[in-house]
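Structure first, commentary second.
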Amino acid sequence: MKFEGILTALVTPMTDQFQVDEGKLRQLVNIQIDSGIHGLVMLGGTGEYAALSAEERQRAVRIAKEQAAGRVPVVAGVLEPGFGECMKACKAFEAQGVDALLVLTPFYLSPSQPGIVDYFQRIDQAVNTPIILYNIPYRTSVNMTPETVETIVNTTKNVVGIKECSPDLGQNIDLLRRVGNRISVLSGEEFLAASVMAYGACGGIIATANVLPKIWIELYDKSMSGQHKEATDMVKKYIPLFKALFREANPGPIKYAMRQLGLPAGTACTPIPSEPSKETRDLIDRLLNEFGLL
């Protein structure tokens, strides 16, 4: 399976007790698929992986997988700092039959590049499910270089893609130069996605697609048809809203915007406030109105 297009980094609707809200999650999966999205990525940062127990993570993925019913691929995020818990999570999600595992670089330990290679080689040897690497250095303080990614691709059998969140366009271009014709390079950055797709990325794993799925599908279609100016013009048009949706800790503002649009998002889990600040709420409301979304 080739992972391409716009995959939504899906929020996890929760109850007031910070457990997965099954009814809202099923509704949200249907809304996303009906919007034309190409895949769903569960339990990334936007999906509040760190807020949920291991049991609730498994439950969220099971519900999403059931509701998607093969209509789009469902990817399970694994955002553990170390090898033991990472392997437990990978094995549990694999048993559920997920379409891929989105595996974060190990963090806190400040690993070397050879250490990162060894980490992913060992995960690869232990599973039989496609793996999408996840590099987000401004969250983990660990940057997986394009050369390291190339080494991993050369020495593993299951690595099929990468969610690249480096804000360095040059790093993205070097990554595409090295492995772009061998694995799915997916942008994780709203502000760079159109540019990276112009250089050959095959899509993105996008948080704001929770709020604007059809806009992201349109932007992707323009990029893939060579309408790069039109795609970048769309980014410039919507950048005030993108910035507002990341003005405070993710996914607080995104979930607020979704609630304003009548989407089944629930609220964010502590320590993220259940409501963004009044300034952020007012800004989001104003922009949603200006874009004709409310």
inquiry  = Quick check on the chain: of the DSSP beta bridges with both residues there, what percent are antiparallel, nearest 5%?
reply    = 5
request  = Tell me, rounded to the nearest percent, the portion of alpha carbon pairs in the stretch 81-225 spaced more than 18 Å apart.
outcome  = 56
remark   = With bins of 10 Å, the percent of all Cα-Cα pairs of the stretch 192-294 per bin from 0 is 15, 45, 29, 11, 0
Relative frequency of Cα-Cα separations exceeding 13 Å in the stretch 155-227, percent = 63
message = Can you compute the helix-only [θ] at 222 nm over the chain? Use -39500 (n - 2.57) per DSSP H run of at least 4 residues, normalise by all residues, nearest 500 deg cm²/dmol.
response = -14500 deg cm²/dmol
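For the stretch 34-126, report the % of Cα-Cα distances exceeding 18 Å. Intermediate results must be reported in sequence, preceding the final value.
Values: 1923 of 4278 pairs.
Of all Cα-Cα pairs in the stretch 34-126, 45 percent lie more than 18 Å apart.
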query = Along its principal axes, what span do the Cα atoms of the stretch 240-294 show, with the longest given first and each in whole Å?
reply = 31, 21, 17
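Among 212-221, 5-14, 156-165, how do they line up by average Cβ neighbours within 10 Å per residue, starting with the highest? The partial results should precede the final answer.
Details: 212-221: 20.4, 5-14: 26.9, 156-165: 22.1.
The peptides rank, most packed first, as 5-14, 156-165, 212-221.
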ask   = Which value, in Å to one decimal place, does the Kirkwood hydrodynamic radius take for the chain when every pair of different Cα atoms is included?
value = 19.0
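Each reported figure results from applying straightforward, stated rules to the coordinates on display, with no laboratory input. Quick caveat, the model's predicted, so the values are computed rather than measured. Methodologically, a virtual Cβ is constructed for each residue, glycine included, from the backbone with ideal geometry; neighbour enumeration extends over all protein chains shown.
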